[in-house]
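Trainee: Quick one: the structure is below, and I'll ask about it shortly.
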């Protein structure tokens, strides 16, 4: 009887140790190398983005408030009422559509084939204009994803010339820019490692000549800015070791443009 209790106690200890080892493996830390704008070869420049004020170019709209201005939208609809067209979107994603110059841009992902894509549709009739697969393979395991998450959570951003987005695959975040007319890939830029807990969610934001990405994760979080035209890294700063899913936004506070983001225990 004493021997059985000893074995059970030992088994319980071994099981606890294995659980701790497994949890430690999930908390893999990745050093973040910070880059200042003085260290990079990228210069910041002011860019007129006023043409986007009447569009819906990214997450939460032109001023990142989620308010559609004076748009006269219907307040109710059914399968037939107030529906102009309906089109099937391949794959699965939590990303929102954006609209610029009467074109819809949307990120989606095929879980089975492990493909991440950006698709463009005509806003007038829903016809597909182009579809570009930017990545194949390297998806996180099911244990690294929330069951309601997808492999295309972030909403793309469009400056009128490029559609820009970022996806998680191969344990890294990679950004992409595509031509708005053709869907042809313009540039690709690896942002850094990402230790996934529930997947990747933030959407990029435009600021003059920069496009900014948040990459919070419990392995080593970071914020970074790329030159929107070339995709070159302008700066990268470290964030706390925490898995948060907020998108950054720009606001003028105290007479100064500031980059704001919640999460990271702040």
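A quick yes/no check of all residues on (1) closer than 27 Å to residue 181 by Cα; (2) crowded, with 16+ Cβ neighbours inside 10 Å; (3) modelled with pLDDT of 95 or more; (4) out of contact with any helix residue (DSSP H, G or I) (no Cβ under 6 Å at 6 or more places or on another chain):
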site	(1), (2), (3), (4)
79	no, no, no, yes
103	yes, yes, yes, yes
107	yes, yes, yes, yes
113	yes, no, yes, yes
117	yes, yes, yes, yes
121	yes, yes, yes, yes
135	yes, yes, yes, yes
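Trainee: Then there's this: Every residue in segment 207-218 that is surrounded by fewer than 21 Cβ atoms within 10 Å (Cβ to Cβ) and either closer than 16 Å to residue 30 by Cβ or in contact with a strand residue (DSSP E or B) (Cβ under 7 Å, 6 or more places away or on another chain) (or both), please.
Mentor: Result: 207, 209, 218.
Trainee: Condition first: closer than 27 Å to residue 257 by Cα and within 19 Å of the chain's Cα centre (by Cα). Now tell me which residues in segment 61-99 satisfy that.
Mentor: 61, 62, 63, 64, 65, 66, 95, 96, 97, 98, 99
Trainee: From the list 46, 88, pick out the single residue that is under 17 Å from residue 160 (Cβ atoms) and exposed (fewer than 12 other Cβ atoms within 10 Å of the Cβ).
Mentor: After applying the criteria, what remains is 46.
Trainee: In segment 34-144, which strands (runs of 3 or more DSSP E) lie fully inside it and hold 1 or more residues that are over 28 Å from residue 227 (Cβ atoms)?
Mentor: Here the list reads 103-110, 115-122, 128-136.
Trainee: Hey, another quick one. Given the condition out of contact with any strand residue (DSSP E or B) (no Cβ under 7 Å at 6 or more places or on another chain) and touching a residue at least 60 places away in the same chain (Cβ under 8 Å), answer yes or no: does some residue in segment 71-88 qualify?
Mentor: no
The values are calculated or read from the model by the stated rules, or taken from the named source; none is laboratory data. Everything numeric here is computed off the predicted structure, so don't read it as measured data. Neighbour counts run over all protein chains shown; Cβ positions are idealised from the backbone, glycine included.
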